[in-house]
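Novice: Once you've had a glance at the structure underneath, I'll fire off some questions.
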Amino acid sequence: MGKVKGILGKNAVPILFAVICALGVYYSGTGIPTILADLVNRFDRNALLVLSLILPVISGMGLNFGIVLGAMSGQVGLILVSIWEIPGLAGILAAMAIAALVAALCGFLAGKMLNQTKGQEMITSMILGFFSNGVYQFIFLFVAGGVIHFTSDILLSTGIGIKNTLEMGTMQYALDNIQIGGFSTKVDMFTALVFFGALFTAYYLFRVLVKKNRERKYWIRLIVSAVLIPAGLIGGQMKALNMYKMMVRVPVSTYLLLFGACVLVQAFTKTKLGQDMRAVGHDRHVAASSGIHVDKVRIQAIIISTVMAALGQIIFYQNLGTIDTYYGHEKVGTYCVAAILIGGASVRKATIGQAILGTLLFHLLFNVSPLAAQNLFSNSMVGGYFRMTICYGVIAISLILHTWRSHVDRQKKSEEV
Amino acid sequence: MAENTPVLSMKNIGKAFSGNQVLQDVSLDIMPGEIYALCGENGAGKSTLMNILFGMPVIAATGGYTGKIYLEGEETHIKSPQEAIEHGIGMVHQEFMLIPGFSVGENIKLNREPLKNGALSRVFGKSLRNVDFDKIREDSKQALDKLGVELDPEADVQTLPVGYMQFVEIARELDKSSIKLLILDEPTAVLAESEAEIVLGIIKRLSQMGIAVLLITHRIGEIMEVADTVTILRDGVNVKTMKIADTTSGEIAELMVGRELVASENRERSEHEDENKEVAISIRNMKVDMPGERVNGIDLDVYKGEILGIGGLAGQGKLGIANGIMGVYPTTGEITVFGQPLKLNSPKDSIAAKLAFVSEDRKRQGFAPDLSIELNMVVPAMANHDEFFKKIGPFRQVDRKKVQETAEKYIQEFQIRCTGPKQEVRSLSGGNQQKVCIAKAILLKPDVLLVSEPTRGIDIGAKSIVLETISRINRETGVTIIFTSSELGELRQICHRIAIVSGGRVADVLKPDASNEEFGLAMGGGK
């Protein structure tokens with residue numbers, strides 16, 4: 001009983017939002033296949049952005065609202081590629097290369113600045129996002145065409161400034177829908193289930209057999225992964241699930257990329273640099289006095305985070321199809337922070353699992369809440385507001401719940417001793 | 001031959017900070033395996049000497065030092081801590097250098113983690129090599145075994161008792177290869193006596209392994225117990241170096257302070273009054289849930305005007321009593337103050353009942369480090385008694401003049417060494433911080449003053465001033481004092497009665513001139 005209570009308490013935030021999500025799904029009146037199809041897309045778009053928040057948290061820098069800088073860098077890459085008219089997958093890859101460079105530079109500068117304001121990283125990175133938005137607008141509204149003269153379809157008719165929205169053209173789905181030998185990598189959900197079931201089984205077999213991670217959680221994960229394979233095989237044959245098979249299509253290539261990113265982050269935390277980040281995150285002063293270059297480690301964490309966010313933003317747009325040149329990046333910080341918080345992360349602790357769970361819950365909520373609100377209040381205006389309230393409310397509620405939680409923990413600790 | 005070459009030999013070391021000579025002609029020789037104690041009051045030059053030895057940048061930045069340092073007979077000029085470590089010198093600082101969320105092993109190997117190649121390092125290069133957690137476990141187990149300490153390398157350091165944190169620190173130094181000299185800066189300052197015993201045992205063990213130990217400490221008892229040689233510094237001068245076998249603790253104390261320690265005679269207790277004394281605080285069946293200092297049902301009467309000492313071994317609950325009375329930790333039971341029942345678990349009510357508390361947790365509960373001395377002194381009185389205000393129309397203003405005058409009065413009375421009432425408390429020495437805390441409590445004009453461990457971590461000179469102050473306040477104002485301390489000597493010096501706590505209960509209440517045997521028995525829990 002006590003154990004159950006402990007689990008409930010520890011995961012209060014995700015559980016609360018899972019309940020809200022369930023209610024939302026119920027009241028929205030939308031069919032599960034539609035919601036699932038949308039969720040698969042949204043996860044594909046946002047997961048990498050949310051993952052990019054993990055390393056700064058580990059390094060003790062809180063939630064990095066500065067991923068807005070990364071998002072901008074991603075858009076810089078996409079805009080340049082649009083000007084140069086590089087099509088398809090090549091365009092995406094070129095945009096990623098450019099964005100990574102720009103993001104690394106931005107991350108370096110942001111890291112330098114955050115080192116001057118230790119202890120206030122979150123608010124600093126948030127304001128930094130606003131400031132760089134100004135610089136970004138200056139460049140693309142004025143410098144592009146106004147100072148640097150060139151002709152391109154994406155310029156406004158005056159010849160100065162980039163258009164508000166840009167069509168991705170052939171770059172849309174370039175990553176999601178890679179053709180291999182005439183077969184699309186975008187497959188129905190049951191095929192994807194079998195594929196990823198096999199992949200995860202292989203991964204956890206590797207962990208259990210080669211890496212000797214014999215804790216119970218690895219066994220459970222191994223079994224769950226293995227079960228996915230027959231589930232996919234059987235599900236694909238069932239007539240009752242035909243709707244799912246038709247509507248839910250999973251872009252396997254992008255999901256593979258996301259899986260790779262997770263493995264990389266996981267592997268990274270086990271390296272010397274990852275260990276240094278943890279040390280810095282726990283206690284800066286002790287880390288410094290044992291010879292760890294604290295400032296350098298912090299800058300590295302921010303650079304990696306910003307670069308990941310830049311790539312994440314590109315994945316986002318290749319799925320969405322149109323670039324919102326001036327507003328697309330603005331909300332990235334708050335949305336991603338809200339997502340990871342829903343997953344159960346806090347300003348001091350964040351894991352890959354929390355990022356993934358949070359992305360799923362947040363976007364499920366984001367998807368169903370307008371419709372649910374509309375049905376509940378029979379007013380279509382409410383829906384849009386409802387969404388915003390949910391997003392900012394999430395941040396507030398989960399921060400409060402975490403504070404409450406750590407208070408309870410502290411009390412419990414003092415009782416135990 | 002090797003036996004006769006000192007590991008470390010410092011000759012005629014001198015150092016001046018902007019014309020102010022803080023070290024002059026200090027020399028010492030430490031043999032392999034020797035336990036060498038260095039003692040002296042705060043400000044005697046111990047830290048400066050260690051900074052020079054450890055190559056701290058502050059020394060070079062202020063013009064370097066004079067004299068010569070020889071390591072195993074070779075003249076060396078250590079320019080950075082890194083170099084000192086390479087030469088086999090290790091240092092355990094007074095504050096713990098431990099990462100709270102890391103395991104014992106990770107802390108021992110902090111920033112010296114054994115690495116191995118992994119997938120990432122093969123692609124991205126050396127800086128992404130994997131940490132070898134298996135090797136961390138093995139190595140740290142070895143280091144801990146060398147110390148003779150039973151400790152799981154995978155335990156989270158946060159959950160350990162303070163004493164064990166100290167072991168982890170020592171194990172870390174020991175794990176550094178080729179360590180020849182270990183400097184321990186006040187290793188027992190924050191430890192209870194029982195934990196300190198273990199640390200002393202470890203020091204002896206190190207010496208048997210051939211590692212020289214330079215022990216910096218205030219506790220003369222420890223020096224007598226473990227050291228081979230002692231050097232006393234006073235005002236930057238090497239006062240005397242002696243073999244322990246040829247000296248007594250009295251002599252060391254005398255040399256350290258420079259004046260003979262007068263055992264303050266506060267024994268004119270009126271023993272015949274014992275019978276018809278008024279009870280100031282009466283405690284019945286009090287239980288306090290203080291982590292590590294649990295109180296399991298205490299009955300105790302405190303008489304008006306006395307100094308009641310509370311002693312006992314660490315972890316037995318003596319600290320819990322004062323904290324319980326003040327409502328700092330969850331408490332149950334009955335407490336009456338001068339006949340009035342006290343509302344439990346409410347510090348505000350305890351203060352309103354004219355109780356004042358000088359906490360043992362000086363750094364966290366004692367004062368606001370960034371505020372000035374004067375503000376620290378008067379804020380509780382402002383908040384609880386509405387003092388130090390003047391009225392201007394409907395507004396109340398802080399009466400700055402009165403605040404300053406009050407602060408100056410206490411600075412003089414308690415001999416607080418500072419630049420003035422505006423100085424930040426953070427920058428004062430431990431002893432002077434403690435005096436600010438006591439002044440703060442007295443400004444509440446309490447009927448009962450609770451003082452816990454006021455001499456913890458402060459040097460012997462400041463110690464005697466603090467003790468004298470407490471004793472004098474009691475004499476002059478007649479305030480009742482509950483004085484908690486883990487040092488029996490202190491209790492016997494100033495208290496009228498001493499309650500010894502064991503296992504969360506009062507084992508016995510003794511006269512200060514009771515025999516050592518009686519005290520020993522009470523601490524052991526038996527009557």
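What follows is calculated from the coordinates using simple rules that are stated; it is not laboratory data. What you are looking at is a predicted structure, and each value in this text was computed from that prediction instead of being measured. Virtual Cβ from ideal backbone geometry, glycine too; neighbours counted across all protein chains shown.
Novice: Please identify which residues in segment B:80-113 have an amide N closer than 12 Å to a label point set 7 Å out from the Cα of B:Ala60, following the Cα→Cβ vector.
Specialist: Answer for this model: B:80-84.
Novice: Could you tell me the calculated FRET efficiency between B:Lys390 and B:Arg475, based on Cβ-Cβ distance and R0 = 35 angstrom, to the nearest 0.05?
Specialist: 0.60
Novice: ³J(HN,Hα) across segment B:130-135 via Karplus (A = 6.51, B = -1.76, C = 1.60, θ = phi - 60°), whole Hz, x for Gly/Pro?
Specialist: 7, 7, 8, 5, 5, 5
Novice: How many partner chain Cβ atoms sit within 10 Å of a residue's Cβ in peptide A:280-287, on average, as a whole number?
Specialist: Mean partner shielding for this stretch: 4.
Novice: Tell me, Kirkwood radius of chain B from alpha-carbon pair distances, in Å?
Specialist: It is 25.4 Å.
Novice: From zero up to wherever the largest Cα-Cα distance of the protein assembly as shown sits, split into 20 Å bins and tell me the percent of pairs in each.
Specialist: 11, 34, 32, 19, 4, 0
Novice: Spin-label point model (7 Å from Cα, Cβ direction): what's the B:Ser427 to B:Ala253 distance in nm?
Specialist: Distance between the two pseudo-spin positions: 3.4 nm.
Novice: In addition: So for B:Thr217, A:Thr389, fewest C-beta neighbours within 10 Å to most, what's the order?
Specialist: A:Thr389, B:Thr217
Novice: Something else now. Can you give the alpha-carbon Rg of segment A:31-342 over 2.2 N^0.38 Å, where N counts its residues?
Specialist: 1.09
Novice: Once R0 is set to 60 Å, what does the formula 1/(1 + (r/R0)^6) return for the Cβ-Cβ distance between A:Ile160 and A:Ile15, expressed as a FRET efficiency to the nearest 0.05?
Specialist: Efficiency, from the Cβ-Cβ distance: 0.70.
Novice: Give the order of A:Ile160, B:Ile202, A:Ile397 when sorted by the count of other beta carbons within 10 angstrom, beginning with the fewest.
Specialist: A:Ile160, A:Ile397, B:Ile202
Novice: Extending each Cα 7 Å along its Cβ direction at A:Ile7 and B:Glu193, get the distance between those two points in nm, one decimal.
Specialist: 4.9
Novice: Sticking with this structure for a sec: Just to confirm my numbers, what's the Cα centroid distance between segment B:393-410 and segment A:302-335 in Å?
Specialist: 57
Novice: Can you give me the C-alpha center-to-center distance between segment A:60-125 and segment B:366-384, rounded to a whole angstrom?
Specialist: That distance is 47 Å.
Novice: Just want to confirm a number: the relative contact order over chain A, from Cα pairs under 8 angstrom separated by 6+ residues, in percent.
Specialist: 34
Novice: Only four residue types carry charge here, +1 at the Cβ of Lys and Arg and -1 at the Cβ of Asp and Glu. Report the dipole size of segment A:31-342 about the Cα centre in Debye, rounded to the nearest 20.
Specialist: 1280
Novice: Moving on. To the nearest 0.05, how large is the calculated FRET efficiency for A:Val224 and B:Gln142 if R₀ is 45 Å and r is the Cβ-Cβ distance?
Specialist: So, using R0 = 45 Å, E works out to roughly 0.70.
Novice: For a quick check: sort A:Ile123, B:Ile35 by the number of other beta carbons within 10 angstrom, fewest at the front.
Specialist: With the fewest neighbours first, A:Ile123, B:Ile35 line up as A:Ile123, B:Ile35.
Novice: On to the next question. Given the Cα-Cα distance of A:Leu209 and A:Leu264 and 0.36 nm per residue of separation, how much length would full extension add, in nm?
Specialist: 17.9 nm
Novice: Another one. Identify the GluC sites (Glu not before Pro) of segment B:122-231 meeting these criteria: DSSP loop state and at most 10 other C-beta atoms within 10 Å of the C-beta.
Specialist: B:Glu150
Novice: On to the next question. State the answer as a single residue: which of B:Leu313, B:Gly210, B:Ala44 lies farthest towards the positive end of the charge dipole of chain B, with beta carbon charges of +1 for Lys and Arg and -1 for Asp and Glu, about the Cα centre.
Specialist: B:Ala44
Novice: Given an 8 Å cut-off on Cα distances and at least 6 residues of separation, report the relative contact order of chain B as a percent.
Specialist: Value for chain B: 14 percent.
Novice: If you scale each eigenvalue of the Cα gyration tensor by 5 and take the root, what three semi-axes come out for segment B:278-523, rounded to whole angstrom and sorted largest first?
Specialist: Equivalent-ellipsoid dimensions as semi-axes: 30, 21, 15 Å.
Novice: While we're looking at this one, here's another question. Cα extents of segment B:97-175 along the three principal axes, largest first, in whole Å?
Specialist: The principal-axis extents, from largest down, are 43, 23, 17 Å.
Novice: At 0.36 nm per residue, and after removing the present C-alpha to C-alpha distance, how many nm does the segment from A:Gln137 to A:Ser380 gain when stretched out fully?
Specialist: Extra length available between A:Gln137 and A:Ser380 comes to 84.2 nm.
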